[in-house]
Amino acid sequence: MENNSLKIPIIIPMVIGIIAISFSSIFVKWSEAPVSVQGMYRLLFTLILMLPFVWKHFGAIKRISLKEYIWLFWSGTFLALHFLFWMGSLKLTTVASSTILLSLQPVFVMLGAYIAFREKTTKSAIIGMMVAIIGAIMIGWGDIGISMQHIQGDMLSILGTVVVAVHMLIGQKLLKSIPATVYSFIVFLTAVFVFAMYNLLFSIQMTGYSGREWGIFVLLALVPTLFGHVLFNWLLKYVTAATISMAILGEPVGATLLAYLFLSEALTATQWIGGAIVLSGLYYFLQNTRKQKKDKPPAPIKNPVTPGPIVKRG
């Protein structure tokens, strides 16, 4: 149930968050740096911004077990892979195709939750999932008429969606015992390390970029990360997780409009129809997922922790 103690209308921070994450694709497209470098500095600058909030959790860091650290490493690794695949897709296909396909994230999370935790969902939610997948196929079909490069970009976006779903499922497991701030900090730190190793392995230049590039790196940390993801996490104090999840439907719309304004990107008729089908299917899917959670009696909370990140987006 939503908490009305917030002094401003909920819609204001929600819209700010949606606009902020929508800018992620634009910044990635603007940058000429390799995506592994963009991802590394985006998370590194975010870590610096998080430092003042992590020190008070020093005791919790010491209590993390070796097994949990191993899972944290894998979560950070899959997050790094997500950025590599999704940001890489933006270099090959349109912002609209990439972000709409990335919106299939809840579908892959549901499938992964069923495989890993035997979590079941309603038949209605499965119908919504299938509708969204049909729309995604139409987007890819529309890209066939443009170039094979666009198809490769679509495939990278889908791979990015799969690995971020794995990252979220690991987070679902770890956040039962680890505070969200600590979890995010260690996962981001691991992802930065993975990016650094990747750049060293493939001899990718990590320094010597222009002031413009450094400015984009900072913008990626500030706008889509701080004013997007962190803002959504803060909003969890006032609204339900299901409400925040619905924000994923706003990013493809916002990103597509921004791409038209700043990048002059246009969509084919098939892609417009496919995108509308994806968003309709996801809306139906999320609505039925939320209904299922409402109908399910709440389990007793043994070790309450701060809710973790809900929206793992670009």
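None of the figures in this text is laboratory data; all of them are computed from the coordinates on show. Worth saying up front: this structure is predicted, and the values here are computed from it rather than measured. Quick reminder, even Gly has a Cβ in these numbers, built from the backbone with ideal geometry, and neighbours come from all protein chains shown.
If you bin every alpha carbon distance in the stretch 11-295 into 10 Å steps from zero, what whole percent lands in each bin?
7, 27, 37, 24, 5, 0
Pairs of Cα atoms under 8 Å, at least six residues apart: use those to get the relative contact order of the stretch 11-295, whole percent.
Computed value for the stretch 11-295: 42 percent relative contact order.
How large is ³J(HN,Hα), in whole Hz, for each residue of the stretch 53-64 in order, when computed from phi with the Karplus curve 6.51 cos²θ - 1.76 cosθ + 1.60 and θ = phi - 60°, using x for Gly and Pro?
Each residue's phi maps through the Karplus curve to give 9, 8, 4, 5, 9, 4, x, 5, 4, 5, 8, 5 Hz.
Could you order peptides 59-68, 23-32, 104-113 by the average number of other Cβ atoms within 10 Å of their residues, highest first?
23-32, 104-113, 59-68
If packing is taken as the average number of other Cβ atoms within 10 Å across a peptide's residues, how do 190-203, 35-48 rank, most packed first?
With the highest mean Cβ count within 10 Å placed first, the list reads 35-48, 190-203.
Please sort 87-99, 220-232 by packing, taking for each peptide the average over its residues of neighbouring beta carbons within 10 angstrom, highest first.
Ranked by mean Cβ neighbours within 10 Å, highest first: 87-99, 220-232.
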